[in-house]
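K.L.:
Take a look at the following structure, please.
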Amino acid sequence: MFLTPVDSDFFYGKVLFFSTSKLHALDDYWSKNSSHPTHEQMHQIIESVLIQRGETTLKQERLNLISNLEKSFSISNPVGRLSANIISFITKILIAMKFTKNN
């Protein structure tokens, strides 16, 4: 069951009045506790409002962290680059599995 367009617009209108710190707290909560398609839809609305405000979501922060780790590992030597690519691949798979479990 998903939010109806009317409910979605209502929720979006309410979310716009939340403070940025409250939205970050909700982003953190829903990233860990999404167990229903409606929860995921609410989380997406919260993420979109954060992005509109120029803030980074937890998902974006995690992707930036992975990117930075990849860069730091691949600077070293060929063996370091190989290990960084392997670690990056495994990390992306684990994150994808986590997001698919939550969705």
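K.L.:
Which of the lysines could a cross-linker bridge to residue 92, judged by Cα under 28 Å and excluding same-chain residues fewer than eight apart?
P.N.:
Correct list for residue 92: 32, 59, 71, 101.
K.L.:
Would you please give the FRET efficiency between residue 35 and residue 6, computed as 1/(1 + (r/R0)^6) with r the Cβ-Cβ distance and R0 = 22 Å, to the nearest 0.05?
P.N.:
0.40
K.L.:
Okay, moving on. Explain nothing, just the number: relative contact order of the range 5-55, from Cα pairs under 8 Å at least 6 residues apart, as a whole percent.
P.N.:
After rounding, I find 42 percent.
K.L.:
To the nearest 500 deg cm²/dmol, what mean residue ellipticity at 222 nm is calculated for the chain from DSSP H runs of n ≥ 4 alone, each contributing -39,500 (n - 2.57), summed and divided by the residues?
P.N.:
Helix-only estimate at 222 nm: -27000 deg cm²/dmol.
K.L.:
With angles folded into 0 to 90 degrees, how steeply does helix 20-33 sit against the dominant principal axis of the chain? Use alpha carbons for both and round to 10.
P.N.:
With both axes taken from Cα atoms, the answer is about 70 degrees.
K.L.:
In addition: Straight-line reach from residue 14: which aspartates and glutamates have Cα under 12 Å away, leaving out those fewer than 8 places along the same chain?
P.N.:
Here the aspartates and glutamates satisfying the reach criterion relative to residue 14 do not exist.
K.L.:
Provide the gained length on full extension for the span residue 52 to residue 68, in nm with one decimal, where the gain is 0.36 nm per separating residue minus the Cα-Cα distance.
P.N.:
3.4 nm
K.L.:
Quick one: length gained pulling residue 61 to residue 44 fully straight, 0.36 nm per residue minus the C-alpha distance?
P.N.:
4.6 nm
K.L.:
To the nearest 10 degrees, how steep is helix 5-15 against the longest Cα principal axis of the chain, on a 0 to 90 scale?
P.N.:
Between the helix axis and the principal axis of the chain, the angle is about 70 degrees.
K.L.:
A follow-up question, please. For the range 12-103, what relative contact order do you get, as a whole percent, if you take Cα pairs closer than 8 Å and at least 6 residues apart?
P.N.:
29
K.L.:
Ok, one more. For the range 5-55, what is the Kirkwood estimate of the hydrodynamic radius, computed as the reciprocal of the mean inverse distance between distinct Cα atoms, to one decimal in Å?
P.N.:
10.9
K.L.:
Specify the angular offset, from 0 to 90 degrees and rounded to the nearest 10, of the alpha carbon long axis of helix 78-102 from the longest principal axis of the alpha carbons in the chain.
P.N.:
With both axes taken from Cα atoms, the answer is about 20 degrees.
K.L.:
Now for a separate question. Given R₀ = 30 Å, what would the calculated FRET efficiency be for residue 28 paired with residue 83, taking r from the Cβ atoms and rounding to 0.05?
P.N.:
For R0 = 30 Å, the calculated efficiency reads 0.45.
Laboratory data are not the source of any read-out in this text; all were calculated from the coordinates shown. It should be emphasised that the depicted structure is a prediction, and the values quoted were computed from it without experimental measurement. Glycine also receives a Cβ, built like all others from the backbone with ideal geometry; neighbour counts cover every protein chain displayed.
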